[in-house]
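> Pasting a structure below so you can have a look.
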Amino acid sequence: MKILENIRVLDLTNVLSGPFATLHLALLGAEVIKIENPKEGDLARKLGANTNYNKKLLGTSFLAQNANKKSLTLNLKENEAKEIFKKLIKTSDIVVENFRPGVMERLGIGYKVLSEINPKIIYCAISGFGQEGPDADKPAYDQIIQGLSGVMAINGNEVLNPLRTGFPVCDTVGGLNAAFAIMSALYAREKAGTGQFIDVAMIDSIMPMMGWVVSNLLLANQQPQLLGNDNFTAAPSGVFKTNDGQINIAANKQEQWEILCDLIGLPELKEDKRFKERDTRKNNRKALTPILEEKLKQNNTKFWIEILNKNGIPSGEILSLEEALNQEQIKYRDTFTNIEVEGIGKVPLFNLTAKFSNATGKVDAPPPLLGQHTNKLLTELGYLPQQIKDFKQRGII
């Protein structure tokens with residue numbers, strides 16, 4: 001079963017936040033039609049580490065976010081293109097866009113117009129700051145939101161701060177929030193029979209992700225601590241040196257701390273007044289870490305991982321990205337599908353990472369070439385071959 005089978009999505013989004021949202025809808029079985037400008041399409045088509053892919057308008061950034069989708073080119077500044085779009089609205093369920101606020105209204109195809117054509121339409125607008133408010137019209141990229149949301153301020157340590165997260169977390173979380181909201185609106189439509197407008201802001205979306213840090217500040221007046229790789233909620237919980245590298249250890253519970261002391265040969269620390277209680281351990285972590293590392297350096301990372309995990313103390317290696325992607329558990333979870341992409345060959349793309357007992361969420365079609373489905377979709381709308389040829393000659397498609 002495909003959960004969103006027979007749901008049609010018109011995807012006017014670019015780069016990451018929007019395409020990441022609609023990717024989840026496509027993996028759940030929705031028919032996602034990317035509406036792209038005829039000249040270059042989604043900017044992500046030219047973004048990525050492989051120059052040859054960029055020249056083919058299949059940049060790695062685009063490939064990663066656009067499997068299972070179709071591509072229809074429309075120059076929405078032209079009246080004929082707007083009419084085509086409005087025809088599609090009649091048979092669609094969802095519209096997603098991540099333009100600056102007001103762009104769709106200026107084009108004459110904002111939510112008010114579209115909902116009059118199809119009252120059941122669900123319209124999701126993703127932006128940096130939301131559709132209204134003092135910052136609504138400001139431009140935004142992920143790094144700008146990381147800075148303005150406080151994310152960069154809480155990362156790193158006393159030496160390296162502020163520090164951005166190593167991937168576009170605000171774009172990604174904004175896309176997930178949008179996908180969640182769209183699914184909720186679909187459920188609501190089943191009850192009420194009508195669609196609605198959804199306003200998703202990246203800056204809103206990321207703040208709840210910092211939940212404990214935000215709560216500590218707002219509810220307990222505790223400023224964020226710059227602890228680097230240490231976990232502020234417990235000690236010892238963080239990165240520690242072994243004789244061949246580093247290890248993550250999370251002895252977050254009191255019993256885990258006490259077992260750890262016995263396993264590494266430091267039972268006396270259980271009664272040390274600096275470390276006996278949870279909160280005092282946290283306050284004395286700078287003294288605790290070198291004591292633990294002196295023992296941990298007597299053996300290698302794999303040795304400690306095996307003995308600690310066996311005794312209920314979560315621990316793990318710190319893998320490179322390549323090592324992480326090639327873990328046996330990731331292969332077992334069927335996280336990727338290798339799919340044939342025209343002009344490139346087989347490429348690994350993410351499947352839906354939630355596993356359903358009675359539904360699929362796999363990649364079954366490669367990201368589309370620019371305009372790949374234009375002729376077919378226009379033919380389905382009733383346009384004749386000569387009309388389609390004329391649209392192309394005039395730059396409408």
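The values are calculated or read from the model by the stated rules, or taken from the named source; none is laboratory data. What you see is a predicted model, and the numbers here were worked out from it, not measured in a lab. Backbone-built Cβ (ideal geometry, glycine too); neighbour counts: all protein chains shown.
> Among the numbered criteria (1) modelled with pLDDT under 95; (2) assigned to a strand (DSSP E or B), which one does Pro139 miss?
It is condition (2) that Pro139 fails.
> How many residues are of a type in the set (Ser, Thr, Tyr) and touching a residue at least 40 places away in the same chain (Cβ under 8 Å) if we restrict to region 338-378?
2
> Follow-up. Please go through region 283-301 and pick out each residue that is in contact with a strand residue (DSSP E or B) (Cβ under 9 Å, 6 or more places away or on another chain) and assigned to a helix (DSSP H, G or I).
Result: Arg285, Thr289, Leu292, Glu293, Leu296, Thr301.
> Within region 143-158, can one find any residue that is in contact (Cβ under 8 Å) with a residue 40 or more places away in the chain, under 12 Å from Val200 (Cα atoms) and outside any loop (DSSP other than H, G, I, E, B)?
Checking region 143-158: not a single residue is in contact (Cβ under 8 Å) with a residue 40 or more places away in the chain, under 12 Å from Val200 (Cα atoms) and outside any loop (DSSP other than H, G, I, E, B).
> Yes or no: Ile206 within 16 Å of the chain's Cα centre (by Cα) and crowded, with 21+ Cβ neighbours inside 10 Å?
For Ile206, the condition - within 16 Å of the chain's Cα centre (by Cα) and crowded, with 21+ Cβ neighbours inside 10 Å - is met.
> For region 65-90, what are the residues that are among the hydroxyl-bearing types (Ser, Thr, Tyr) and touching a Lys or Arg at 6+ places or on another chain (Cβ under 8 Å)?
Within region 65-90, Ser71 is the sole residue that qualifies.
> If you don't mind, there's one more thing I want to ask. Sort out which residues of region 76-99 are part of a loop (DSSP other than H, G, I, E, B) and buried (at least 18 other Cβ atoms within 10 Å of the Cβ), and write them in order of number.
Residues satisfying the conditions are Leu76, Ser92, Asp93, Asn98.
> While we're here: Can you find, within region 254-287, the residue that is surrounded by the most Cβ atoms within 10 Å (Cβ to Cβ) among those that are more than 20 Å from Leu227 (Cα to Cα) and under 36 Å from the mean Cα position of the chain (by Cα)?
Ranking the candidates gives Leu260 first.
> What are the residues in region 340-386 that are surrounded by 13 or more Cβ atoms within 10 Å (Cβ to Cβ) and not in a loop (DSSP other than H, G, I, E, B), if any?
Once the filter is applied, which keeps residues that are surrounded by 13 or more Cβ atoms within 10 Å (Cβ to Cβ) and not in a loop (DSSP other than H, G, I, E, B), region 340-386 yields Val341, Val347, Pro348, Leu349, Phe350, Thr374, Asn375, Leu377, Leu378, Thr379.
> Also: Would you mind telling me which numbered condition in (1) assigned by TED's automatic domain parsing to the domain that holds Thr374; (2) over 21 Å from Met202 (Cα atoms); (3) in a loop (DSSP other than H, G, I, E, B) Val32 fails?
So the condition that Val32 fails would be (3).
> Exactly one condition in (1) outside the structural domain of Gly133 (by TED's automatic domain parsing); (2) without any contact (Cβ under 8 Å) to a residue 40 or more places away in the chain; (3) basic (Lys, Arg) is not met by Lys241; state its number.
Exception for Lys241: condition (2).
> Assess whether Leu27 counts as being buried (at least 23 other Cβ atoms within 10 Å of the Cβ), over 26 Å from Thr353 (Cα atoms) and in the same structural domain as Arg106 (by TED's automatic domain parsing).
Spelling it out, it is not the case that Leu27 is buried (at least 23 other Cβ atoms within 10 Å of the Cβ), over 26 Å from Thr353 (Cα atoms) and in the same structural domain as Arg106 (by TED's automatic domain parsing).
> Just checking, which of Pro385, Pro290, Pro367 is at pLDDT 95 or above and under 26 Å from the mean Cα position of the chain (by Cα)?
The match here is Pro367.
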